[in-house]
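Asks: Pasting in a structure now, in structure tokens, and then I'll have a few things to ask.
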Amino acid sequence: MKTLTILLIFLSATCTAQVDTAHRSFIHNFFHQFATTAVVEKKDLLVYGMQLIAGAADGMNQALVYHGALKGHPFWDYSTSWTRKYKNYPTDTRARFPGSKTWAVGITDGNHLTRMINRSFTTFSIAIAMSEHDPWYELVKEAIFSSIINRIGFTYMYDKVFKVR
């Protein structure tokens, strides 16, 4: 009797009906997509391109601030270019043009320009990715690839173009 019980348990565990393949789990869909479709799709290229530009702008910003890149240039020199938003700093601290101290500060000097490019391109690429109405695992894939591509742009500008000599 004990042997028969063990045999029935073994048979019930190993002999199952066929699985309905039309309703597979999300885990199967997540891994199956990489085997059946291109990893980088055409619709994602805009998002990845924007992330590359955002990363490059961030890398340039950090090179300006911490490497002292383009020192002496009136627009790009981090230590002095911030005064360009004023009429005649330090005697006259009024705005040089409408918005130069508020909403248009991004075009007054290199530091603010690179920060504006980084933030706007990152924000717009996230908005584009979210508007595509992809499944959650597609968004995770895009987030991972976008982060990697962003850091590639950063590393290129920070370590290659504006490398400390």
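The values are calculated or read from the model by the stated rules, or taken from the named source; none is laboratory data. Treat the numbers as computed from the prediction; the structure is a model and nothing was measured. All Cβ positions, even for glycine, are placed from backbone atoms using ideal geometry, and neighbour counts span all protein chains on display.
Asks: Test each condition in (1) of a type outside the set (D, E, K, R); (2) farther than 24 Å from Val47 by Cα; (3) touching an Asp or Glu at 6+ places or on another chain (Cβ under 9 Å); (4) buried (at least 16 other Cβ atoms within 10 Å of the Cβ) for Phe75 and report the one that comes out false.
Replies: Failed condition: (4).
Asks: Output the number of residues of segment 100-156 satisfying the condition of being acidic (Asp, Glu) and under 18 Å from Gly55 (Cβ atoms). Don't jump to the end; show me each part of the working.
Replies: Filtering segment 100-156 for residues acidic (Asp, Glu) gives 109, 132, 134, 138, 142.
With the extra rule that they be under 18 Å from Gly55 (Cβ atoms), the set shrinks to 142.
Adding up the residues that qualify gives 1.
Asks: While we're here: Looking only at segment 63-104, count how many residues are among the hydroxyl-bearing types (Ser, Thr, Tyr) and closer than 30 Å to Val164 by Cβ. Outline the logic, then answer.
Replies: Of the residues in segment 63-104, the ones among the hydroxyl-bearing types (Ser, Thr, Tyr) are 66, 78-81, 83, 86, 89, 91, 93, 100, 102.
If we keep only those that are closer than 30 Å to Val164 by Cβ as well, we get 66, 78-81, 83, 89.
The number of residues fulfilling the criteria is 7.
Asks: Pick out the one residue from Leu64, Leu4 that is loosely packed, with under 10 Cβ neighbours inside 10 Å, of a type in the set (A, V, I, L, M, F, W, C), part of a helix (DSSP H, G or I) and modelled with pLDDT of 65 or more. Lay out the reasoning, then the answer.
Replies: On the way: Leu64 fails: loosely packed, with under 10 Cβ neighbours inside 10 Å.
Matching residue, one of Leu64, Leu4: Leu4.
Asks: Tell me which of these Arg165 doesn't satisfy, since it passes every other one: (1) more than 22 Å from Ala56 (Cα to Cα); (2) part of a loop (DSSP other than H, G, I, E, B); (3) basic (Lys, Arg).
Replies: (1)
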